[in-house]
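Below is one structure; the comments refer to it alone.
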Amino acid sequence: MASTTLVNIDLQHKLPKVASGKVRDLFAVDGTTLLFVASDRISAYDVVMANDIPGKGALLTAMSVYWFQYLQTKIPGLKTHYLNSSLPSGIETSLTQSAVEFLQPRSMQVKRLSVLPIESIVRGYITGSAWTEYKKSGTMHGISLPVGLVEGQKLSEPMWTPSTKAAAGAKDENIGPDEARALIGDVAHEIERLSLQVYSVAAKRAEEVGIILADTKLEFGIDKENGNEVVLLDEVLTPDSSRFWLKESWEMHLGKAQPSFDKQYLRDWLVSKGLKGKEGVVVPDDVVEKTAAKYQEAYERITGI
Ligand code: ATP
Ligand code: MG
C-alpha cells in the first residue's frame, strides 16, 4: 500500500475526512478549520496517474504557503484561506512517526469555506486548451482574438478566462466571463479583479527569477460567517496549477513547445504514448524523475530556498 493511503487511514481515526480530490485530501479539524494535505499524486488531463511523484506534495505545500504570504504583502485586503503550517495540536501523539513525517511538510490548516463552482484562470500567453480553441475558431474562451497569433505568444494584456469546475470524473469546460457571471452571479466581477491582480503580482515576481508565468488557475470561496467575503483558497501558483516557462528561451520557442517547469513534460509524454486521458497509467521512472526535477526547480527558483 502506498504511504499516502496508510497516512489517510491513520489520520481518519483522528480527523474525519471531508473530501479527497485528485491530489489533495481534506480532513475536518473542527467546524471551521480543515487540514489540507497535498499528496504526492499527480493528475494530467483530469486523470490521476497510478504512481506518485515522490516529494511533490511537500513542494506544492511549501510553494503555496510562500505565495499566500507573498500575495498578502503585495495585495492589501486580499483574504486567503491559509491559517498555519502546523498539525492540529495533540495529533502527533496518536500517529506513527512515519505518518507525522509524511504529513507535516504536506499539510496546512485552512479556513473551511464554501467553494465557488468555477476555476478562475488567468492567461498572459496563449497555449494549451486556449491555443487549441484559437486554432479552430480564432477565439479564446469564446472571446475573439486578433488573427495571426502563434503558440506561446504574449497576449496584449492578461485575460480572465474561467472554466467550469466539473464533478469528479468529468472534464472542466472553458467558458467566457459572461457564462461565469451566469453561473456565480455578480461576485464574478470581484473574482476577475482579484485574479488579474494575483496574476500580475505573481508574474512580476516570477520574471525577477527568469520565469514567465504563462497562465494560472485559482479557486475562490465565500466566507459566509464574515459578511460573504471573497477568499482565495486551494493551492496557489504551483506547477500543478500554473505554467512556468524559461524566460531566456521563450522567444526562440515561439510557435512550439516551451521549456517549462511544470506538468507539461508529463502531458507531452502521455500524448506521445497515446495515453492522454487513460486511467491507471504507470509513469516510468525516468519520467517521474524528470517531472520531480522540474517541480523542484520551480520551487527553488521562485522561493529562493
Ligand atoms: P477540483 O477540480 O474540485 O479542484 P481536484 O481533484 O483538483 O478537484 P484537489 O485539488 O485534489 O481536487 O482537492 C482540493 C479540493 O478542495 C478542491 O475541490 C477544492 O475546491 C477544495 N478546497 C480548497 N480549499 C478549500 C477550502 N478552504 N474549503 C473547502 N474546500 C476547499
Ligand atoms: Mg484542484
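Taking a 23 Å limit on the Cα-Cα distance, which of the listed pairs 79/290; 22/79; 165/204; 171/217; 74/111; 17/56 fall beyond it?
Long pairs (Cα-Cα over 23 Å): 79/290; 22/79; 165/204.
Among the trypsin sites (Lys or Arg not before Pro) within the range 131-239, which fall in a DSSP loop and have no more than 14 other Cβ atoms within 10 Å of their own Cβ?
171
So if R0 is 25 Å, what FRET efficiency would residue 83 and residue 156 give, r being the distance between their Cβ atoms, rounded to the nearest 0.05?
Working: r = 39 Å, r/R0 = 1.54.
E(calc), rounded to 0.05, equals 0.05.
Would you check the accessible area of residue 127, probe 1.4 Å, heavy atoms only, in square angstrom rounded to 10?
10
Let me check against my output: what whole-number percent is the relative contact order of the chain, with C-alpha pairs under 8 Å and at least 6 apart?
Working: 539 pairs, mean separation 60.3, N = 305.
Rounded, it is 20 percent for the chain.
Over the heavy atoms of residue 131, what accessible area does a 1.4 Å probe trace out, to the nearest 10 Å²?
That residue has around 30 Å² of solvent-accessible surface.
Springs between alpha-carbon pairs under 10 angstrom, Gaussian network model over the chain: which of 85, 272, 114 fluctuates most?
272
How big is D for the chain, in µm² s⁻¹ as a whole number, if Stokes-Einstein is applied with the Kirkwood radius of its Cα pairs at 20 °C and 1.002 mPa s?
For these conditions, the coefficient is 107 µm²/s.
Using a Gaussian network model of the chain with C-alpha springs under 10 Å, which one of 255, 77, 124 is most mobile by mean-square fluctuation?
Its mean-square fluctuation being the largest, the pick is 77.
Classify the range 218-282 from the C-alpha gyration tensor, please: rounded if a/c falls under 1.5, else prolate or oblate depending on whether a/b exceeds b/c.
Values: a/c = 4.13, a/b = 1.66, b/c = 2.49.
Cα axes put the range 218-282 in the oblate bin.
Once you've got the GNM for the chain with C-alpha springs shorter than 10 Å, pick whichever of 293, 167, 58 has the biggest mean-square fluctuation.
Fluctuation is largest for 167.
With N residues in the range 95-246, what two-decimal value do you get for its Cα radius of gyration over 2.2 N^0.38 Å?
Compared with the compact-globule rule of thumb, the range 95-246 sits at 1.15.
The values are calculated or read from the model by the stated rules, or taken from the named source; none is laboratory data. As the structure is a computational prediction, the values presented were derived from the model and not from experiment. Neighbour counts run over all protein chains shown; Cβ positions are idealised from the backbone, glycine included. Quick note on the areas: whole protein, heavy atoms, side chains included, nothing else; ligands and nucleic acids left out. Shrake-Rupley method; radii C 1.70, N 1.55, O 1.52, S 1.80 Å.
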